[in-house]
Amino acid sequence: ASGEADDRDFYGLENDARSVSEFIRRFVTRWDRWGSPKFIAGESYGTTRCAAIAPILQDRHGMHLNGVVLVSAVLNFQTIRFGIGNDLPHVLFLPTFAATAQFHTADDPKTGDELREFMDEVEAFAIEEYMPALAKGDSLPEAERNEIVRKLAEYTGLSETYIRQVNMRLSVGPFNKELLREDARTVGRLDSRFKGIDREAAGDRYEYDPSYAAIQGIYTGALNNYLRTELNYRSDLPYEILTGVSPWSYEPAGRARYVNVAERLRSAMASNPHLRVFLASGYYDLATPHYASDYTFNTMQLEESLQDNYETHYYEAGHMMYLHRPSIEKLKADLDAFYESVPVAE
(Lines give C-alpha, C1' and ligand atoms only; values in the text may rest on other atoms or scores of the structure.)
Protein backbone atom coordinates (compact mmCIF):
# COMPACT_ATOMS: atom_id res chain seq x y z
CA ALA A 1 0.00 0.00 0.00
CA SER A 2 2.88 2.35 0.75
CA GLY A 3 4.54 1.61 -2.59
CA GLU A 4 7.76 0.62 -0.86
CA ALA A 5 9.63 -2.45 -2.05
CA ASP A 6 10.12 -5.47 0.17
CA ASP A 7 12.27 -8.61 0.05
CA ARG A 8 9.82 -10.46 -2.17
CA ASP A 9 10.49 -7.94 -4.94
CA PHE A 10 14.09 -9.18 -5.17
CA TYR A 11 14.39 -12.66 -3.60
CA GLY A 12 13.88 -14.92 -6.59
CA LEU A 13 15.41 -15.83 -9.92
CA GLU A 14 13.00 -13.76 -12.01
CA ASN A 15 12.75 -10.78 -9.64
CA ASP A 16 16.52 -10.72 -9.18
CA ALA A 17 17.07 -10.78 -12.95
CA ARG A 18 14.62 -7.93 -13.48
CA SER A 19 16.02 -5.76 -10.68
CA VAL A 20 19.67 -6.23 -11.71
CA SER A 21 18.81 -5.57 -15.35
CA GLU A 22 17.01 -2.38 -14.36
CA PHE A 23 20.01 -1.29 -12.28
CA ILE A 24 22.31 -1.80 -15.29
CA ARG A 25 19.95 0.12 -17.58
CA ARG A 26 19.73 3.05 -15.16
CA PHE A 27 23.48 3.13 -14.57
CA VAL A 28 24.25 3.13 -18.30
CA THR A 29 21.66 5.84 -18.88
CA ARG A 30 22.63 8.14 -16.01
CA TRP A 31 26.34 7.94 -16.77
CA ASP A 32 25.89 8.31 -20.56
CA ARG A 33 27.48 4.93 -21.38
CA TRP A 34 25.11 3.69 -24.09
CA GLY A 35 27.95 4.04 -26.61
CA SER A 36 30.42 2.02 -24.52
CA PRO A 37 31.26 -1.68 -24.90
CA LYS A 38 29.26 -3.73 -22.42
CA PHE A 39 30.31 -6.92 -20.66
CA ILE A 40 28.59 -8.68 -17.79
CA ALA A 41 30.33 -11.18 -15.54
CA GLY A 42 29.12 -13.62 -12.92
CA GLU A 43 30.51 -16.32 -10.68
CA SER A 44 28.64 -19.44 -9.50
CA TYR A 45 24.98 -18.38 -9.05
CA GLY A 46 26.11 -15.15 -10.70
CA THR A 47 26.40 -17.14 -13.92
CA THR A 48 22.76 -18.16 -13.56
CA ARG A 49 21.97 -14.45 -13.15
CA CYS A 50 24.02 -13.54 -16.25
CA ALA A 51 22.13 -15.99 -18.42
CA ALA A 52 18.83 -14.72 -17.03
CA ILE A 53 19.52 -11.01 -17.51
CA ALA A 54 21.22 -11.12 -20.94
CA PRO A 55 17.94 -11.52 -22.88
CA ILE A 56 16.22 -8.97 -20.62
CA LEU A 57 18.88 -6.36 -21.37
CA GLN A 58 18.80 -7.12 -25.08
CA ASP A 59 15.11 -7.78 -25.73
CA ARG A 60 13.42 -5.52 -23.18
CA HIS A 61 15.92 -2.67 -22.89
CA GLY A 62 17.52 -2.83 -26.35
CA MET A 63 20.98 -3.04 -24.78
CA HIS A 64 23.03 -5.48 -26.84
CA LEU A 65 25.97 -6.95 -24.99
CA ASN A 66 29.48 -7.46 -26.30
CA GLY A 67 30.38 -10.27 -23.96
CA VAL A 68 29.38 -12.47 -21.06
CA VAL A 69 31.96 -13.88 -18.64
CA LEU A 70 30.97 -17.00 -16.70
CA VAL A 71 33.22 -18.12 -13.85
CA SER A 72 32.40 -21.59 -12.45
CA ALA A 73 29.08 -21.78 -14.23
CA VAL A 74 25.77 -23.40 -13.38
CA LEU A 75 23.06 -22.75 -15.95
CA ASN A 76 21.30 -26.12 -15.77
CA PHE A 77 20.79 -27.20 -12.16
CA GLN A 78 19.97 -30.76 -13.17
CA THR A 79 23.69 -31.20 -13.85
CA ILE A 80 24.66 -30.60 -10.21
CA ARG A 81 21.67 -31.72 -8.09
CA PHE A 82 22.13 -35.28 -6.88
CA GLY A 83 18.87 -37.11 -6.37
CA ILE A 84 17.13 -40.41 -6.94
CA GLY A 85 16.10 -40.58 -10.57
CA ASN A 86 18.66 -38.00 -11.71
CA ASP A 87 21.84 -39.84 -12.70
CA LEU A 88 23.28 -36.92 -14.67
CA PRO A 89 25.44 -35.47 -11.85
CA HIS A 90 27.03 -38.87 -11.18
CA VAL A 91 28.30 -38.84 -14.75
CA LEU A 92 29.31 -35.18 -14.93
CA PHE A 93 31.15 -35.07 -11.58
CA LEU A 94 33.25 -38.13 -12.38
CA PRO A 95 36.10 -36.27 -14.14
CA THR A 96 36.49 -33.99 -11.10
CA PHE A 97 36.41 -36.99 -8.76
CA ALA A 98 39.18 -38.51 -10.88
CA ALA A 99 41.24 -35.30 -10.92
CA THR A 100 40.88 -35.07 -7.14
CA ALA A 101 41.90 -38.68 -6.59
CA GLN A 102 45.07 -38.40 -8.64
CA PHE A 103 45.95 -35.08 -6.98
CA HIS A 104 45.86 -36.61 -3.50
CA THR A 105 47.02 -40.16 -4.13
CA ALA A 106 49.42 -40.13 -7.08
CA ASP A 107 53.13 -39.94 -6.39
CA ASP A 108 53.42 -37.42 -9.21
CA PRO A 109 50.01 -35.74 -9.80
CA LYS A 110 49.23 -34.82 -13.38
CA THR A 111 49.47 -31.19 -14.45
CA GLY A 112 49.30 -29.20 -17.66
CA ASP A 113 48.72 -31.11 -20.88
CA GLU A 114 48.99 -34.42 -19.05
CA LEU A 115 46.08 -33.47 -16.78
CA ARG A 116 44.03 -32.30 -19.78
CA GLU A 117 44.67 -35.61 -21.56
CA PHE A 118 43.58 -37.48 -18.44
CA MET A 119 40.39 -35.44 -18.29
CA ASP A 120 39.72 -36.23 -21.96
CA GLU A 121 40.07 -39.93 -21.15
CA VAL A 122 37.76 -39.85 -18.12
CA GLU A 123 35.19 -37.68 -19.88
CA ALA A 124 35.06 -40.10 -22.80
CA PHE A 125 34.49 -43.00 -20.40
CA ALA A 126 31.84 -41.02 -18.50
CA ILE A 127 29.71 -40.16 -21.52
CA GLU A 128 30.35 -43.24 -23.69
CA GLU A 129 30.38 -46.05 -21.11
CA TYR A 130 29.33 -44.89 -17.65
CA MET A 131 26.17 -43.01 -18.67
CA PRO A 132 24.79 -45.90 -20.78
CA ALA A 133 25.59 -48.32 -17.93
CA LEU A 134 23.57 -46.27 -15.46
CA ALA A 135 20.76 -45.98 -17.99
CA LYS A 136 20.58 -49.79 -18.27
CA GLY A 137 20.06 -50.00 -14.52
CA ASP A 138 19.27 -53.47 -13.23
CA SER A 139 19.35 -54.86 -16.78
CA LEU A 140 23.11 -54.16 -17.05
CA PRO A 141 24.86 -57.50 -17.66
CA GLU A 142 27.14 -58.59 -14.83
CA ALA A 143 30.27 -58.59 -17.01
CA GLU A 144 29.62 -54.97 -18.03
CA ARG A 145 28.87 -54.01 -14.45
CA ASN A 146 32.17 -55.50 -13.29
CA GLU A 147 34.08 -53.56 -15.93
CA ILE A 148 32.38 -50.27 -15.04
CA VAL A 149 33.08 -50.85 -11.34
CA ARG A 150 36.71 -51.64 -12.10
CA LYS A 151 37.19 -48.46 -14.13
CA LEU A 152 35.42 -46.31 -11.55
CA ALA A 153 37.74 -47.69 -8.88
CA GLU A 154 40.77 -47.06 -11.08
CA TYR A 155 39.81 -43.45 -11.79
CA THR A 156 38.55 -42.45 -8.34
CA GLY A 157 40.83 -44.38 -5.99
CA LEU A 158 37.81 -45.82 -4.17
CA SER A 159 37.41 -49.54 -3.54
CA GLU A 160 35.31 -51.72 -5.80
CA THR A 161 33.40 -52.82 -2.70
CA TYR A 162 32.43 -49.22 -1.87
CA ILE A 163 31.45 -48.49 -5.47
CA ARG A 164 29.17 -51.51 -5.50
CA GLN A 165 27.66 -50.47 -2.17
CA VAL A 166 26.61 -47.10 -3.63
CA ASN A 167 25.24 -48.75 -6.78
CA MET A 168 28.00 -47.21 -8.92
CA ARG A 169 26.69 -43.72 -8.09
CA LEU A 170 29.32 -41.47 -6.53
CA SER A 171 28.20 -38.18 -4.96
CA VAL A 172 29.71 -35.07 -3.42
CA GLY A 173 29.80 -35.47 0.35
CA PRO A 174 30.27 -39.22 0.51
CA PHE A 175 33.18 -38.99 -1.94
CA ASN A 176 34.80 -36.15 0.01
CA LYS A 177 34.70 -38.32 3.13
CA GLU A 178 35.61 -41.66 1.59
CA LEU A 179 38.62 -40.77 -0.58
CA LEU A 180 41.11 -40.23 2.29
CA ARG A 181 39.21 -42.02 5.04
CA GLU A 182 42.18 -44.24 5.90
CA ASP A 183 44.25 -41.09 6.52
CA ALA A 184 41.41 -39.59 8.60
CA ARG A 185 41.18 -36.66 6.19
CA THR A 186 38.46 -35.14 4.04
CA VAL A 187 38.70 -33.17 0.79
CA GLY A 188 37.06 -29.88 -0.07
CA ARG A 189 33.97 -29.10 -2.11
CA LEU A 190 34.74 -25.62 -3.41
CA ASP A 191 38.32 -26.75 -4.05
CA SER A 192 39.04 -30.45 -3.67
CA ARG A 193 42.80 -29.90 -3.33
CA PHE A 194 42.21 -28.80 0.29
CA LYS A 195 42.15 -31.35 3.10
CA GLY A 196 40.23 -31.22 6.38
CA ILE A 197 40.18 -32.99 9.74
CA ASP A 198 36.96 -34.31 11.26
CA ARG A 199 36.46 -35.44 14.86
CA GLU A 200 36.14 -39.01 13.64
CA ALA A 201 36.76 -40.84 10.39
CA ALA A 202 33.38 -42.60 10.49
CA GLY A 203 30.25 -41.30 8.79
CA ASP A 204 29.55 -40.43 5.18
CA ARG A 205 29.81 -36.62 5.25
CA TYR A 206 32.50 -34.18 6.25
CA GLU A 207 31.90 -31.88 9.21
CA TYR A 208 32.88 -28.80 7.19
CA ASP A 209 34.23 -27.86 3.79
CA PRO A 210 37.99 -27.38 4.35
CA SER A 211 38.33 -25.23 1.23
CA TYR A 212 35.69 -22.81 2.56
CA ALA A 213 37.18 -22.80 6.06
CA ALA A 214 40.58 -21.89 4.62
CA ILE A 215 39.32 -18.65 3.05
CA GLN A 216 36.44 -17.58 5.30
CA GLY A 217 38.45 -15.59 7.84
CA ILE A 218 40.80 -14.13 5.23
CA TYR A 219 38.00 -12.90 3.00
CA THR A 220 35.91 -11.55 5.86
CA GLY A 221 38.82 -9.72 7.45
CA ALA A 222 40.01 -8.24 4.16
CA LEU A 223 36.56 -6.99 3.18
CA ASN A 224 35.80 -5.47 6.57
CA ASN A 225 39.15 -3.72 6.57
CA TYR A 226 38.72 -2.46 3.00
CA LEU A 227 35.22 -1.08 3.64
CA ARG A 228 36.26 0.82 6.75
CA THR A 229 39.79 1.99 5.95
CA GLU A 230 39.76 2.45 2.17
CA LEU A 231 36.12 3.31 1.44
CA ASN A 232 35.43 4.87 4.85
CA TYR A 233 32.12 3.02 5.03
CA ARG A 234 31.10 2.62 8.68
CA SER A 235 28.47 0.14 9.79
CA ASP A 236 27.96 -2.25 12.68
CA LEU A 237 26.29 -4.75 10.36
CA PRO A 238 28.21 -8.03 9.99
CA TYR A 239 29.62 -8.92 6.58
CA GLU A 240 28.31 -12.32 5.53
CA ILE A 241 30.93 -14.01 3.37
CA LEU A 242 28.53 -16.74 2.26
CA THR A 243 24.93 -16.86 3.35
CA GLY A 244 21.64 -18.20 2.10
CA VAL A 245 18.91 -15.84 0.93
CA SER A 246 15.58 -17.09 2.25
CA PRO A 247 12.97 -17.47 1.06
CA TRP A 248 14.29 -17.61 -2.52
CA SER A 249 11.93 -18.48 -5.35
CA TYR A 250 12.98 -20.24 -8.53
CA GLU A 251 9.49 -19.91 -10.00
CA PRO A 252 8.45 -20.20 -12.72
CA ALA A 253 11.74 -21.59 -14.08
CA GLY A 254 11.84 -24.11 -11.25
CA ARG A 255 8.44 -25.66 -11.87
CA ALA A 256 10.14 -28.44 -13.82
CA ARG A 257 12.12 -29.12 -10.60
CA TYR A 258 15.47 -28.14 -12.10
CA VAL A 259 16.21 -24.55 -13.08
CA ASN A 260 17.71 -24.27 -16.55
CA VAL A 261 18.58 -20.85 -17.94
CA ALA A 262 20.87 -22.15 -20.68
CA GLU A 263 18.09 -21.63 -23.20
CA ARG A 264 17.96 -17.94 -22.28
CA LEU A 265 21.66 -17.56 -23.01
CA ARG A 266 21.26 -19.45 -26.29
CA SER A 267 18.41 -17.13 -27.23
CA ALA A 268 20.50 -14.07 -26.42
CA MET A 269 23.39 -15.39 -28.53
CA ALA A 270 21.05 -16.19 -31.42
CA SER A 271 19.38 -12.76 -31.44
CA ASN A 272 22.76 -11.03 -31.11
CA PRO A 273 25.27 -13.04 -33.19
CA HIS A 274 28.08 -10.71 -32.12
CA LEU A 275 27.71 -11.68 -28.46
CA ARG A 276 30.73 -13.62 -27.17
CA VAL A 277 30.83 -15.84 -24.09
CA PHE A 278 33.87 -16.69 -21.93
CA LEU A 279 33.60 -19.76 -19.67
CA ALA A 280 36.16 -20.36 -16.89
CA SER A 281 36.17 -23.71 -15.08
CA GLY A 282 38.37 -25.27 -12.40
CA TYR A 283 39.39 -28.93 -12.56
CA TYR A 284 39.05 -29.26 -8.77
CA ASP A 285 35.63 -27.64 -8.43
CA LEU A 286 33.10 -29.98 -6.79
CA ALA A 287 30.43 -27.27 -6.58
CA THR A 288 30.03 -26.55 -10.31
CA PRO A 289 32.35 -29.07 -12.01
CA HIS A 290 33.87 -28.28 -15.36
CA TYR A 291 32.35 -31.21 -17.22
CA ALA A 292 28.86 -30.22 -16.08
CA SER A 293 29.41 -26.80 -17.68
CA ASP A 294 30.77 -28.41 -20.83
CA TYR A 295 27.73 -30.70 -21.00
CA THR A 296 25.39 -27.72 -20.62
CA PHE A 297 26.97 -25.89 -23.55
CA ASN A 298 27.19 -29.04 -25.65
CA THR A 299 23.45 -29.67 -25.23
CA MET A 300 22.06 -26.12 -25.44
CA GLN A 301 21.47 -26.59 -29.21
CA LEU A 302 23.45 -23.53 -30.21
CA GLU A 303 23.35 -23.14 -33.99
CA GLU A 304 26.58 -24.24 -35.69
CA SER A 305 27.49 -20.77 -36.97
CA LEU A 306 27.42 -19.47 -33.36
CA GLN A 307 29.45 -22.20 -31.71
CA ASP A 308 32.70 -20.31 -32.16
CA ASN A 309 31.17 -17.43 -30.17
CA TYR A 310 31.96 -19.09 -26.85
CA GLU A 311 35.29 -20.24 -25.51
CA THR A 312 36.17 -22.42 -22.54
CA HIS A 313 39.26 -22.15 -20.33
CA TYR A 314 40.31 -24.61 -17.65
CA TYR A 315 42.35 -23.97 -14.51
CA GLU A 316 44.18 -26.26 -12.10
CA ALA A 317 42.24 -24.97 -9.12
CA GLY A 318 38.70 -25.00 -7.74
CA HIS A 319 35.50 -22.96 -7.74
CA MET A 320 37.42 -19.75 -7.03
CA MET A 321 40.37 -20.45 -9.30
CA TYR A 322 41.76 -17.01 -8.54
CA LEU A 323 42.90 -18.31 -5.12
CA HIS A 324 45.69 -20.12 -6.96
CA ARG A 325 48.46 -17.77 -8.09
CA PRO A 326 49.24 -19.53 -11.41
CA SER A 327 45.52 -19.80 -12.15
CA ILE A 328 44.73 -16.13 -11.49
CA GLU A 329 47.63 -15.15 -13.73
CA LYS A 330 46.32 -17.43 -16.47
CA LEU A 331 42.76 -16.16 -15.94
CA LYS A 332 43.95 -12.55 -16.27
CA ALA A 333 45.82 -13.33 -19.48
CA ASP A 334 42.88 -15.29 -20.91
CA LEU A 335 40.42 -12.50 -20.12
CA ASP A 336 42.74 -9.84 -21.57
CA ALA A 337 42.87 -11.83 -24.81
CA PHE A 338 39.09 -12.32 -24.75
CA TYR A 339 38.34 -8.62 -24.30
CA GLU A 340 40.77 -7.76 -27.09
CA SER A 341 39.19 -10.29 -29.46
CA VAL A 342 35.57 -9.23 -28.96
CA PRO A 343 34.44 -6.84 -31.71
CA VAL A 344 33.20 -3.47 -30.45
CA ALA A 345 31.88 -0.45 -32.32
CA GLU A 346 34.44 2.28 -32.87
Can you pull out the residues in the range 222-240 that are part of a loop (DSSP other than H, G, I, E, B) and either in contact with a His (Cβ under 7 Å, 6 or more places away or on another chain) or open to solvent by less than 80 Å² (accessible area, probe 1.4 Å) (or both)? 235
Among the residues of the range 314-346, the number that are among the hydroxyl-bearing types (Ser, Thr, Tyr), in contact with a His (Cβ under 7 Å, 6 or more places away or on another chain) and within 16 Å of residue 67 (Cβ to Cβ) is 0
Here's a check for you: in the range 13-66, which residue that is among the basic types (Lys, Arg) and in a helix (DSSP H, G or I) is farthest from the chain's Cα centre (by Cα)? 30
Does the range 241-252 include one or more residues that are of a type outside the set (S, T, N, Q), more than 16 Å from residue 51 (Cα to Cα) and surrounded by 17 or more Cβ atoms within 10 Å (Cβ to Cβ)? no
Inter-residue pairs, beta-carbon under 6 Å, first on the phi > 0 side of the Ramachandran plot and in the range 65-87, second crowded, with 18+ Cβ neighbours inside 10 Å, 6+ apart: 72/43; 72/44; 72/285; 72/288; 72/319
For the range 159-190, what are the residues that are in contact with an Asp or Glu (Cβ under 7 Å, 6 or more places away or on another chain) and free of Cβ contacts under 8 Å to residues at least 24 places away in the same chain? 162
Among the residues of the range 162-179, write down those that are of a type outside the set (Phe, Trp, Tyr) and within 24 Å of the chain's Cα centre (by Cα). 168, 169, 170, 171, 172, 173, 174, 176, 177, 178, 179
Check off (1) in a loop (DSSP other than H, G, I, E, B); (2) surrounded by 14 or more Cβ atoms within 10 Å (Cβ to Cβ); (3) in contact with an Asp or Glu (Cβ under 8 Å, 6 or more places away or on another chain) for residue 193 and give me the number that stays unchecked. (3)
Flag for residue 182 being part of a helix (DSSP H, G or I), open to solvent by 50 Å² or more (accessible area, probe 1.4 Å), over 22 Å from residue 125 (Cα atoms) and not polar (S, T, N, Q): yes
Out of (1) modelled with pLDDT of 95 or more; (2) among the acidic types (Asp, Glu); (3) under 23 Å from residue 266 (Cβ atoms), what's the single condition that is false for residue 32? (3)
Candidate set: the range 196-221, residues that are assigned to a loop (DSSP other than H, G, I, E, B) and hydrophobic (A, V, I, L, M, F, W, C); chosen: the one most open to solvent (accessible area, probe 1.4 Å): 197
Only one of these conditions is not met by residue 288: (1) surrounded by fewer than 17 Cβ atoms within 10 Å (Cβ to Cβ); (2) out of contact with any Pro (no Cβ under 7 Å at 6 or more places or on another chain); (3) part of a loop (DSSP other than H, G, I, E, B); (4) of a type in the set (Val, Ile, Thr). Which number is it? (1)
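The values are calculated or read from the model by the stated rules, or taken from the named source; none is laboratory data. Remember, predicted model here, so these are calculated numbers, not experimental data. A quick note on method: Cβ atoms are made from the backbone with ideal geometry, for glycine too, and the neighbour counts reach across all protein chains shown. To get the accessible areas, we keep the full protein, side chains included, count just its heavy atoms, and leave off ligands, DNA and RNA. Shrake-Rupley method; radii C 1.70, N 1.55, O 1.52, S 1.80 Å.
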